[in-house]
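Chemist: Structure in C-alpha cells, see below.
Any read-out appearing in this document is the output of simple, stated calculations on the displayed coordinates, not a laboratory observation. What you see is a predicted model, and the numbers here were worked out from it, not measured in a lab. Note: ideal-geometry Cβ built from the backbone for every residue, glycine included; neighbour counts use all protein chains shown.
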Amino acid sequence: MTAVPEILRSLPGEAGWQEELYKHLHANPELSMQETETAAEITRRLEEHGYTTHQIGGGVVGVLENGPGKTVLFRADFDALPVKEETGLDYASTVTAEDAEGNTVPVMHACGHDMHVTTALGAAKSMAENKDAWSGTYLALFQPGEETAEGAQSMVDAGLVSQLPTPDVALSQHVLAAPEAGKVAITDGAALSTAVSVKITVYGKGSHGSMPHLGVDPVVLAAAIVTRLQTVVAREIAPGDFGVVTVGSLQAGSKANIIPDHAVLRINFRAYSEEIRQTLVDAVERIVRAECEAARSPREPEFEYSDRFPLTNNSTEVTDVVREALQAALGEENVLPMSPLTASEDFSVVPDAFGTPYCYWGFGGFTADQDAVPNHNPKFAPAIQPTMTTGTTAAVAAVMAFLAK
Ligand SMILES: [Zn+2]
Ligand SMILES: [Zn+2]
C-alpha cells in the first residue's frame with residue numbers, strides 16, 4: 001500500500017501538466033455564471049481519471065467511490081473577474097465578454113481561481129491514482145460564480161444535495177497575497193466575513209438650482225445619510241466586535257443648476273456574525289428612513305439587496321485535523337495562524353446545505369522577491385511554483401487526513 005508521505009512526495013512530478021493547464025485557464029478566463037468552456041475542461045479531465053461526473057447548476061462534481069469509509073468533499077471555484085489584466089505575462093488574458101448588463105468588459109483570473117482548479121484537479125488525479133491508500137468516497141466539486149455569490153447557491157438550487165452522498169467533511173482553500181508562497185494559513189471559527197450589498201434610492205423633488213425652497217434636495221439628503229451612517233459601527237457595535245459599513249457609490253444629479261429628484265447610494269456591509277450583519281442592516285434602514293422624513297422626502301426610500309455572502313465559520317474539530325495534516329505535509333514552520341479575513345466567500349453555502357462541518361484555509365501565492373498584490377488587482381500574478389505544488393499538497397494532505405487507510 002502506498003503511504004501518504006510517499007503520495008505527497010510524488011506531487012511535484014505533476015507540475016508539468018498542471019502548469020500547462022494553469023496557463024491555458026489563465027489565458028482563457030470566463031465571467032461568473034458563463035464558465036462553459038472551463039466546466040467542460042474540468043469534466044473531461046475528471047472523466048479521464050475515472051470519476052463519475054455530475055453537471056449541477058453550472059458546476060461539476062466528480063465522484064470517486066472507493067469502498068467503505070467517510071465521504072469528503074473538496075471544493076474549487078472557477079470563475080474570473082471583469083478586470084483588465086496588467087501583469088505583462090506571456091499567458092496574460094486578452095479576453096473580453098459581455099457582462100450581465102450587456103456591457104463588453106475585459107476578463108481576467110484576478111482572484112486566482114485558475115490556481116484553485118489546477119490544484120484541485122491535481123488532487124483529484126492523485127486520489128484516483130492512489131486508491132490503494134484510502135477508503136471511502138471522494139467528491140471533487142467545482143463551482144461557478146463565486147465572485148457574484150451565485151454559483152454555490154445555483155448548485156444547491158439545482159439539486160446538489162439529492163444527487164450526491166452527504167459528505168462528512170467539506171474542505172476548500174484560496175490562494176492569497178499572504179502568507180508567502182509555500183506556506184498556508186488556517187484558523188478555526190470565523191475565517192471570512194459575511195457580506196451583503198444594498199442599493200438605496202432616496203427621493204427628493206426636482207427644482208431649479210436657484211429655487212431650492214420649491215424642491216426637496218436629494219443631494220443634501222444623501223450627504224446627511226452618508227455622514228450619519230459613520231455612527232453605525234462607531235456607536236452601535238461593541239468596540240471588540242467587527243463590522244464594516246462602506247458607502248462605495250453615491251450618485252445624484254447631472255448639472256450645477258438643477259436640483260435632481262433622486263439620489264442612489266450603494267453600500268456594502270461586512271461582519272463576523274449574522275447577528276452583527278443584521279444589526280448593521282437594520283441601523284442603516286432606520287437612519288435612511290429617518291433622514292428621508294427629516295428632509296421632507298415625498299416618497300419612501302427603496303432598498304435592493306444583492307451579493308449576499310454567508311459567514312465562513314470553520315469547525316474547530318475539522319480544522320484541528322486539517323491543521324495537523326498540513327503541518328505534517330508542509331512542515332510546522334509553513335503552517336501559520338490566519339487572522340479572519342474581511343473578504344467573503346460563498347463556499348459555506350454547499351456544506352450548510354448538507355449540514356456538513358467544514359474548513360477553509362489560505363495558501364500563499366507570492367515569493368518574497370515578488371510584489372505581492374492583493375486579489376482582484378490587475379497585476380495579480382502568483383508565482384506558479386511553489387504555489388501550485390503547495391496548494392496541491394495541502395489539498396491531498398487534508399483530504400487524506402479523513403480518508404487514508
Ligand atoms: Zn475574488
Ligand atoms: Zn476568489
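Chemist: Which value in Å is the Kirkwood Rh of the range 57-171 over different Cα pairs?
Modeler: The answer is 15.8 Å.
Chemist: Could you please rank His116, His54, His49, placing first whichever residue has the fewest other Cβ atoms within 10 Å of its Cβ?
Modeler: The fewest-first ordering by Cβ neighbours comes to His49, His54, His116.
Chemist: Take Gln385 and Thr36, extend 7 Å from each Cα along the Cα→Cβ direction, and tell me the distance between the two endpoints in nm.
Modeler: Output for this residue pair reads 3.7 nm.
Chemist: What is the extension gain from Arg266 to Glu302, computed as 0.36 nm multiplied by their sequence separation minus the C-alpha to C-alpha distance, in nm to one decimal?
Modeler: 11.8 nm
Chemist: Cβ under 14 Å from Ala372's Cβ, Ala372 left aside: what net charge do those residues give with Lys, Arg +1 and Asp, Glu -1?
Modeler: Result for the neighbourhood of Ala372: -1.
Chemist: Rounded to the nearest 0.05, what FRET efficiency is calculated for Thr227 and Asp369 with R0 set to 25 Å and r the Cβ-Cβ distance?
Modeler: 0.05
Chemist: Suppose the chain between Asp320 and Val219 were pulled fully straight at 0.36 nm per residue; how much longer would it get relative to their current alpha carbon spacing?
Modeler: Here the segment from Asp320 to Val219 would lengthen by 31.1 nm.
Chemist: Helix-only estimate, please: 222 nm mean residue ellipticity of the chain, summing -39500 (n - 2.57) across DSSP H runs of length 4 or more and dividing by its residues, to the nearest 500.
Modeler: Using -39500 (n - 2.57) per qualifying helix, the result is -11000 deg cm²/dmol.
Chemist: Considering Cα pairs under 8 angstrom that are at least six residues apart, work out the relative contact order of the range 194-308 and quote it in whole percent.
Modeler: Averaging sequence separation for qualifying contacts and normalising by length gives 44 percent for the range 194-308.
Chemist: Going by C-beta contacts inside 10 Å, put Thr87, Thr389 in order with the fewest on the left.
Modeler: Thr87, Thr389
Chemist: State log₁₀ I(q)/I(0) for the range 109-241 at q = 0.10, 0.14 Å⁻¹ as given by the Debye formula over alpha-carbon point scatterers of equal weight, solvent excluded.
Modeler: -0.65, -0.95
Chemist: Where the centre of each part is set by its Cα atoms, how far does the range 84-156 sit from the range 1-75, in angstrom?
Modeler: After rounding, the separation between the Cα centres reads 10 Å.
Chemist: Hand me the tally of lysine pairs in the chain: alpha carbons under 24 angstrom apart, and the pair either on different chains or 8 or more positions apart.
Modeler: Lysine pairs, 8 or more places apart or on different chains, close enough: 14.
Chemist: Sticking with this one: Give me the compactness ratio for the range 255-405, meaning the Cα radius of gyration over 2.2 N^0.38 Å.
Modeler: 1.51
Chemist: Distance between the C-alpha centers of the range 347-361 and the range 229-300? Whole Å please.
Modeler: Taking the Cα centre of the range 229-300 as reference, the centre of the range 347-361 is 31 Å away.
Chemist: Let me ask something additional. In the range 330-349, which residues have a backbone nitrogen under 20 Å from the label point lying 7 Å from Ala238's Cα in the Cα-to-Cβ direction?
Modeler: Within reach of a label on Ala238, which here means backbone N under 20 Å from a point 7 Å along Cα→Cβ, the range 330-349 contributes 340-341.
Chemist: Treating only the Cα positions of the range 194-308 as identical point scatterers, give the base-10 log of I(q)/I(0) from the Debye formula at each q in 0.13, 0.16, 0.18, 0.24 Å⁻¹.
Modeler: -0.50, -0.71, -0.85, -1.30
Chemist: A further question follows. Whole percent per 10 Å bin, from 0 to the bin with the longest distance: what is P(r) over all C-alpha pairs of the chain?
Modeler: Result returned by the calculation: 5, 21, 29, 23, 13, 7, 3, 1, 0.
Chemist: Can you tell me how the range 318-405 classifies by the Cα gyration tensor, rounded, prolate or oblate, using a/c under 1.5 as the rounded cut?
Modeler: oblate
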